[in-house]
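Just below is one structure, and these are the notes that go with it.
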Amino acid sequence: MKTTPFTETHIALGAKMHEFAGYNMPIEYSGINDEHITVRNGVGVFDVSHMGEIWVKGPKALDFLQRVCSNDVSKLSIGQAQYTYFPNGKGGIVDDIIVYYFESEKYMLVVNASNLEKDWNWLVKNNTEGVELENASDHTAQLAVQGPKAVEVLQKLTSVNLAEIPFYHFKVGDFAGVKNVILSNTGYTGSGGFELYFYPEDGMKIWNALFEAGKEYGIKPIGLGARDTLRLEKGFCLYGNEIDETTSPLEAGLGWITKFVDGKNFIDRERLEKEKAEGLKRKLVKFELQERGIPRSGYEIVNADGEVIGQVTSGTMLPETKIGMGLGYVNAPYFKNGEPIYVKIRNKNIEAKIVK
């Protein structure tokens, strides 16, 4: 298995380790519930160095990204980031990613760890503009510092005024005595915070400084288990669960990053415009169980008559409220008419309520 600059530290701290996307990664330390609550109310640190980073450079970089990405990359200002996805030419999704606009003719793509090789091959295959592509993943480490207390901890360690960096914007500056750290006001938890990108050799210096600065705020390392429950609680898609090569981005609720603007002839544009005009056959919804239970991926969603109308893609019991909630695809018209839906758990139909 691959390692990150922090793997030995995770093991020394007693983390439960498991393979993820080819990496030996921490799943939990003090427990998923405790770690979830730490991020919601304080500050936690995620090792996300397994994520992939790809540079796109050259005079045709924007033209290339406008074609392979669903969102309108031309709207970015330097220092801004954007959530988008790669349409796969068959109505599905290669990956969901973040585009960072660094300077004229220079962008960084942050991709899912499990899709790095596939994404790289896809970009190379579709590089008809002749842009310069560089896979910098092995030379880039990343920590996500998340939670309502994150900025107070981070500000101790940098001269960059973090309050001046809006959501989905970034700056490059000093951090914990390390130069050229990317400080990005992004994250996957819905609790605020920053993601830090740096060279792997600077990893432990930054890690140690973070935990020293965060002592008074009860800072803790957080594993991938709580990362999943945090994103689920907010209704964020996870590639491989809610979205994949076979799922429609429009049905997945990603219409807001699918831009049918003049002059942007992205892959699958005609297909997706047709799908939108004809109306969606199913839709990804977030739901909460109305009695005790835990919805699991693959469980059937049924109507009042017990007919299968969908399937759960992700589910959990929320650590703070102890409510069973999940995401899943539901067929029309059940995703919009307010009728009750039910999740089939051990041959019992548990009523669920669709929520925002």
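All of the numbers you see were taken from the coordinates with simple rules; none came from a lab. Please read these numbers as outputs of a predicted model, since none were measured by experiment.
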#### Entry: Rg/Rg_globular for the chain, with Rg_globular taken as 2.2 N^0.38 Å and Rg from C-alpha atoms
1.01
### Query
Using the Cα gyration tensor of region 52-137, with a ≥ b ≥ c the square roots of its eigenvalues, what is the shape: rounded (a/c below 1.5), prolate (a/b larger than b/c) or oblate (neither)?
rounded
### Query
Here are some pairs, 90/276; 118/286; 336/356; 149/322; 171/356; which of them have Cα atoms lying more than 21 Å apart in this structure?
118/286; 149/322; 171/356
## Note on the structure
Hull surface over four for the Cα convex hull of region 281-356, reported in nm², is 4.5 nm²
### Query
Where the eigenvalues come from the Cα gyration tensor of region 130-188, what are the semi-axes √(5λ) of the equivalent ellipsoid, largest first, in whole Å?
23, 14, 12
